[in-house]
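The values are calculated or read from the model by the stated rules, or taken from the named source; none is laboratory data. Just so it is clear, the model here is predicted, and its values are computed rather than measured. Every residue, glycine as well, gets a Cβ built from its backbone with ideal geometry; the counts of neighbours run over all protein chains shown. Side chains are part of the model used for accessible areas, which takes the heavy atoms of the whole protein and leaves out ligands, DNA and RNA. Shrake-Rupley method; radii C 1.70, N 1.55, O 1.52, S 1.80 Å.
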Amino acid sequence: MLPSFRYVRPRTVAEAVKALSEPGARAHAGGTDLVGCLRDEVFDAKAVVSLSGLAELKGISATKDRGLRLGALTTLAEIARHAEIAKGWPALAQGAAAAASPQLRNQGTLGGNLCQRPRCWYFRGDFACARKGGEPCYAVEGENTYHAIFGGSGCYIVHPSDTASPLVALQATARIAGPKGTRSVPVEKLFVLPAVDHTRETVLEPGEVITEILLPPPLAGGKGLYKKVRARGAWDFALGGVALALSMKDGKVWSARVVLSGVAPIPWRVPEVEKVLAGRALDAKTAAEAAEAAVKGAEPMSGNDYKIPLVKGAVEEALLSLA
Amino acid sequence: MTDLLYWLQGAVPETPAPKVEMPPWGETKVVGKPVPRVDAYERVSGSAVYPLDFALPDMLHAAILRSPHAHAVVKSIDTSAAEKMPGVRAVITGKTPGTDIPWYRSRGKSYSKLFDDRVRHEGDEVAAVAAETRAQAYDALKAIRVTYEELPFVLDPQKALEAGAPAIHEGTNRYGDPSKYERGDVAAGFAAADAVVEGTYSTACEIHAPMEVHGSVVKWDGNRLTVWDTTQGVFVVQQQVAAALKLPLANVRVIGHYMGGGFGSKLEAGKYTVIAALLAKMTARPVKLFLSREEVFLNAGNRPANTMKVKIGAKKDGTLTAIEFLSMGSGGAYPNGADTSFLAADLYTCPNVKTLDENVAINAGRARAMRAPGFPQGAWALEQAMDELAKKLGMDPVELRLKNVPKVSQRRGNQPYTSTGLAECLRDGAKEFGWAEAKKKAKGDGAVKRGVGVASGLWGYGGGPPATVVVKLFADGSVNLNSGAADIGTGTKTIMAQVVAEELGVPLDRIQIEHADTGTTQYTGPSGGSKTVPSDMPAVRAAAVEVREKLLKAAAEEMKLPVDDLALSNGEVVSKQDPSKKLLVTAVPGLQRQQVLVGVGTRGPNVEGKVISMFAAHFAEVEVNTKTGEVTVTRLLAAQDSARVMNRLTFECQVQGGLVMGLGLGRTEERVLDRNTGKMCNVNWHDYKIPTALDVPAEQKVHSVDLVDTECNTAGAKGVGEPATIPTAAAIANAVHDAVGIRVHDSPVTPPRLVALLAGRGKKG
Ligand SMILES: Cc1cc2nc3c(=O)[nH]c(=O)nc-3n(C[C@H](O)[C@H](O)[C@H](O)COP(=O)(O)OP(=O)(O)OC[C@H]3O[C@@H](n4cnc5c(N)ncnc54)[C@H](O)[C@@H]3O)c2cc1C
Ligand code: SF4
């Protein structure tokens, strides 16, 4: 059952920031994640602050440097069907298209997708686990098929977003408005590892909202994609996935950014893979080596060591499909 | 098998054979045609009122407090704060007078109470509240203070049998002695075999997950209770509610016009109905009590998980010499069927068979019959083992099965079947599917490999009495059909109308149906077990034929022609000899005098000395990504033997739905229980994965072998709902094996499981 809360719909970002600075206030964009969390009593809300009236958070437009500005309220469906995004930043378009289901993509926003809460079933269920301020992490000794093989400590969620890894690969920046003014944070630095703080997923402070995401211009000789492996065809989070942003020169990889999804509490960049790829042609040998590098240092839990071959397979397939 | 749906009731009721003559239909005019549903408009326009939509003036809303623990003793319950919450009108617990009602009866013993002070699984009932709004009721639940003493719990049936395992009920954790069956000499059979295969297979626990959650609206008028229930059988609910509340049957009226799916989980009365009735009595207000989706996951039944050890021996030519099938399952925290061995003992000709079914209590939600209870699990094991055997013998899996098609039901005393379509299903199915060509086609040289698989199955229950149906022909020629059967979304009403139209020559839109109401319609069993067509349609036919006979007799007097010369067509009585001689039905004086002609039809007994079974063979084509373990089911074909197809459209719907459900068992569905708390992890729609439209193959074909069976019943039709889901999962697993050479022993075939096997990290077959 939903808790009872105050509902406010500010007209300006300043008003929104003010309302969100109150204790117990929650931002509401498309509501596809927030309302589920409230209904399932994952957390409480004193006030729900709708962002839907904020014109500044809407729309997709070109930036001066041929990059792109995406308002935080841009829906996943808009991103998935945007011709320019598909051409210049394919990993993002594919990530958005791979998320959830058509209904949810029509309603869910980019800002909300980045700030959605984890899907760990203990977190969502009737368990007072560590991330909810309780104890312990039930996943460690429990049912951890869908949990992290990298970056866990004290909590082993995987980040649920299918747009986060592409945005990290594409070196996107989040613009944030808050009580102390605005700031820019690279999406790569937006997320928080449990070792730093296992009770939150982003660096956003109380009262802060993401207003827009900035994409740098497409890379010269750029190629990219997002590959997601899931247990069913729709309405399902990644078992493992990979976002690639490569720039090619003379048939070889000039630079590469490779970010895994579904394997760690944050989008998991794998510099070892990027190193393997640099200067190499995209052939079977390179792909196999890159795949091997992608899982180096993985620490599977009792029920998820399948993620090692799965991620290897996904990386290999992804690279070969760009060859 | 006949007691399949009556285990809760004891004796199987009977109705006498009808007195009218009903020779097998030859060419039919309406029956068998692809007639759209008579209630299609109501269903798609939203004007059909489902129990969940139902509201009464002054109605209260109730909610149930459930155990958060897998196993505990309820030490104390303090409801004082809850009683003072806004809108709260009543709170009940096991201490409230009138709640001492035994529940979960089996073998003459009850295993629990409406509110037991011992809770045996997460979700067991502890208390309930009625309030002005649903939100107030749920808020009040939170204010009830319960002190639990947690007990050790057990989730694995095997472990539940070990010494020192937590005792869930008095004495043993076994639900009765293991059921054993043996024929021939299994040891000798294996000794005589040229090839023997052996393996252990398991199926995951599945949740029914019907669209409409379980629940009722109840209302008292003095000592008479009316229940609007989402149910597969109003009379079962009437009996159980009347027994629980110690009321005469006549005082309990259960109405179940529309319902949003049950798949077996709504074949009994829920505690929720009785709790609602008690709350309604205490408050003198109507009460609505529907479960939340989470409660349905926890506490409205499931297809139990099973572990099955199979061993099959055969001669070089494929002749089976021995089958051994040992099954372990769990009815859950309270008794329910969990046997799976029937197929192993009946599907193929084999002289030496030994089966054993163990059913053990665990601290998890109780099972309920789920679409062909036990059979898809049995097929998962048996049909994969048959596939292994074919491989070992170097035989085509279709040929191996054809070699062993039975003529008699060996499991049921070698009685012949009224019809056996297994060979036709295999042969026609293989042809329609393009089996031979598909087998020859290359597997693909990239990472994605293609494969095909086949599996077959039978469903051993052909319906039967009791059923009583009343058909009324009014003076204007319109017809009222009255049957107690529930239409659980399968098209029962439509088929009933077709039968009446066939016999009375009345257009479908002149037929109105009263159904599923214990107050106004006649007794029949619940709609389950694929028995509604074979049980109820003969009674409908008998009632319509009786009306026709009365009408023709009256017309014969008027027309001065022999009755035998008369037939009904398009609202007219016509002479067969001289078609120019006719009389409008509405002009028959006998009808006008009485204003109504009534026919009462019953379902007579089944044919003596024979058994009725439906057969099926399913074919699957899959693509497996060997790098990631992703599986795409690209094609499915179901070849079904249900004898006469009563309506092509509803038949196809049943089979398509059966395939999708089978795909769920094979590919996506699995209840996950947390090993450390016994609580369900995936108690929601996104973690419990039923297949989506994208998981269903674009090509999904339905083929009926259309056998003529004049013995199964007077409609000549066997059922279809269940056989349509029995072999699907096994066919998919066999296709996966064909594609990548890996045998997935445990359902479902998910990327995690498969990629681990492909990488040599899991158990390999
Ligand atoms: C069944 C299901 C399946 C799904 N499958 C997938 C999937 O496969 N892949 C995937 O990526 N996602 C998936 N999702 C998640 C879905 O994509 C997100 O729910 C959606 O993108 C969130 O957007 P929203 O606008 O609805 O967010 P909301 O629900 O409105 O907000 C989500 C959270 O973000 C905060 N928030 C929202 N906007 C901002 C902002 N601008 N600044 C700061 N905080 C903000 C809110 O306070 C809230 O905590 C699934 C969701 C469901 C329900
Ligand atoms: S992984 Fe994190 S969210 Fe999940 S149970 Fe552990 S602490 Fe809680």
Exercise. For region A:222-322, what's the relative contact order in percent, using C-alpha pairs closer than 8 Å and at least 6 residues apart?
Worked result: 25
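Residue A:33: net charge of surrounding residues, Cβ under 10 Å, Lys/Arg +1, Asp/Glu -1, itself excluded?
Every neighbour counted, the sum reads +2.
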Exercise. Residue B:246: which lysines have alpha carbons under 23 Å from its alpha carbon, excluding same-chain residues fewer than 8 sequence positions away?
Worked result: B:95, B:109, B:113, B:219, B:266, B:271, B:281, B:288
Exercise. Counting Lys and Arg as +1 and Asp and Glu as -1, what is the net charge of the other residues whose Cβ lies under 13 Å from the Cβ of residue B:632?
Worked result: +1
Exercise. In debye to the nearest 20, how big a dipole does region A:1-51 give about its Cα centre with +1 on each Lys and Arg Cβ and -1 on each Asp and Glu Cβ?
Worked result: 260
Seminar exercise, completed: For region B:444-456, in residue order, the Karplus 3J(HN,Hα) values (coefficients 6.51, -1.76, 1.60; θ = phi - 60°; whole Hz; Gly and Pro = x) are x, 9, x, 6, 9, 10, 10, x, 10, x, 10, 8, 10
For this session: Can you grab the distance from the C-alpha centre of region B:63-115 to the C-alpha centre of region A:239-287, Å, no decimals?
Result: 58
Seminar exercise, completed: Judged on accessible area alone, 1.4 Å probe, highest first, A:269, B:105 line up as B:105, A:269
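Taking 1 over the mean of 1/r across every pair of different Cα atoms in region A:222-322, what Kirkwood radius in Å do you get? Write down the numbers at each step before the final one.
Numbers: mean 1/r = 0.0738 Å⁻¹.
In region A:222-322 this quantity evaluates to 13.6 Å.
When the chain is fully extended, how far beyond the present Cα-Cα distance does residue A:84 get from residue A:18, taking 0.36 nm per residue of separation? All intermediate terms of the calculation are to be shown ahead of the outcome.
Numbers: separation 66, 0.36 × 66 = 23.76 nm, distance 3.53 nm.
So the extension gain works out to 20.2 nm.
For region B:85-151, calculate the relative contact order in percent as a whole number, restricting contacts to Cα pairs under 8 Å that are 6 or more residues apart. List each step's numbers first, then the result.
Working: 79 pairs, mean separation 24.3, N = 67.
After rounding, I find 36 percent.
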For this session: Would you work out if region B:447-600 is rounded, prolate or oblate? Take a ≥ b ≥ c from the square roots of the eigenvalues of the alpha-carbon gyration tensor; rounded if a/c is under 1.5, else prolate when a/b is larger than b/c, oblate otherwise.
Result: prolate
Problem set entry | Residue-wise HN-Hα coupling along region B:350-358, computed from phi with Karplus coefficients 6.51, -1.76, 1.60 (Hz; x: Gly, Pro) | 7, x, 10, 9, 9, 10, 8, 10, 10
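Using only alpha carbon pairs under 8 Å that are at least six residues apart, calculate the relative contact order of chain A and give it in whole percent. Walk me through the numbers on the way to the answer.
Values: 762 pairs, mean separation 54.5, N = 323.
With pairs under 8 Å counted, the relative contact order is 17 percent.
On the accessible surface of chain B, probed at 1.4 Å, how many percent belong to carbon and sulfur atoms?
Values: 14220 of 27280 Å².
Of all accessible area on chain B, carbon and sulfur atoms account for 52 percent.
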Exercise. How much solvent-accessible surface does residue B:175 expose, in Å² to the nearest 10, with a 1.4 Å probe and all protein chains in place?
Worked result: 10
For this session: Whenever you get a sec, compute what percent of the accessible area on region A:1-51 sits on carbon and sulfur atoms (1.4 Å probe).
Result: 55
Seminar exercise, completed: Long-range amide H partners of residue B:254, meaning residues 5 or more apart or on another chain whose placed amide H is closer than 5 Å, are B:227, B:518, B:519
Problem set entry | Cα→Cβ-extended label distance, 7 Å offset, between residue B:107 and residue A:285, nm | 6.9
For this session: Report the paramagnetic label zone for residue A:11: residues of region A:37-73 whose backbone N is under 15 Å from a point 7 Å from Cα along the Cα-to-Cβ axis.
Result: A:52-56
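Give the total of Lys-Lys pairs in region A:110-264 with Cα-Cα distances below 23 Å; include a pair only if its members are 8 or more places apart or on different chains.
Working: A:132/A:189; A:180/A:189; A:189/A:227; A:189/A:228; A:223/A:249; A:223/A:252; A:227/A:249; A:227/A:252.
Step by step, the pairs that qualify in region A:110-264 add up to 8.
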For this session: Mind pulling the angle between the C-alpha long axis of helix A:284-294 and the longest principal axis of chain A? Nearest 10 degrees, somewhere in 0 to 90.
Result: 40
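Is the shape of chain B rounded, prolate or oblate, going by the alpha carbon gyration tensor and its root eigenvalues a ≥ b ≥ c, with a/c under 1.5 for rounded and a/b larger than b/c for prolate? If you can, show how the numbers build up before the last one.
Working: a/c = 1.87, a/b = 1.07, b/c = 1.74.
Oblate, since a/c reaches 1.5 and b/c is not below a/b.
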Problem set entry | Cα-centre dipole for the protein assembly as shown with unit charges at Cβ (Lys and Arg positive, Asp and Glu negative), debye to 20 | 1600
Problem set entry | Under 5 Å, built H, 5+ apart or other chain: amide partners of residue A:41 | none
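Given a 1.4 Å probe and no ligands, DNA or RNA in the count, how much accessible surface is buried by B and A, both sides, to the nearest 100 Å²?
Adding both sides of the contact gives about 3100 Å².
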Problem set entry | the protein assembly as shown, accessible area per residue, ligands and nucleic acids excluded (1.4 Å, Å²) | 37
Exercise. Where the centroid of each part is defined by its Cα atoms, how far is region B:651-722 from region A:1-69 in Å?
Worked result: 40
Seminar exercise, completed: Sorting A:183, B:667 on solvent-accessible surface, 1.4 Å probe, most exposed first, gives A:183, B:667
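Only four residue types carry charge here, +1 at the Cβ of Lys and Arg and -1 at the Cβ of Asp and Glu. Report the dipole size of region A:222-322 about the Cα centre in Debye, rounded to the nearest 20. Each step should come with its number before you reach the end.
Values: 15 positive and 11 negative charges, 56 e Å.
Value, rounded to 20: 260 debye.
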Exercise. If you bin the C-alpha pair distances of the protein assembly as shown every 10 Å from 0, what whole percents do you get?
Worked result: 2, 10, 17, 20, 20, 16, 9, 4, 1, 0, 0
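Rounded to two decimals, what is the ratio between the C-alpha radius of gyration of region A:1-51 and 2.2 N^0.38 Å? Kindly include the intermediate steps, with their values, before the conclusion.
Numbers: Rg = 10.4 Å, N = 51, 2.2 N^0.38 = 9.8 Å.
Against the compact-globule rule of thumb, the ratio is 1.07.
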Exercise. Mean residue ellipticity at 222 nm from the helices of chain B, using -39,500 (n - 2.57) per DSSP H segment of n ≥ 4 over the full residue count, to the nearest 500 deg cm²/dmol?
Worked result: -7500 deg cm²/dmol
Exercise. To the nearest 10 square angstrom, how much accessible area does residue B:106 have with a 1.4 angstrom probe?
Worked result: 30
Exercise. Residue B:151: accessible area at probe 1.4 Å, nearest 10 Å²?
Worked result: 40
Exercise. Under the Karplus relation 6.51 cos²θ - 1.76 cosθ + 1.60, θ = phi - 60°, what is the ordered set of whole-Hz ³J(HN,Hα) values for region B:705-716, x standing for Gly and Pro?
Worked result: 7, 6, 6, 8, 10, 8, 9, 5, 5, 7, 9, x
Exercise. In what order, largest first, do A:228, A:307 sit by accessible area if the probe radius is 1.4 Å?
Worked result: A:228, A:307
Problem set entry | residue B:415 long-range amide H proximity, modeled H, under 5 Å | B:409
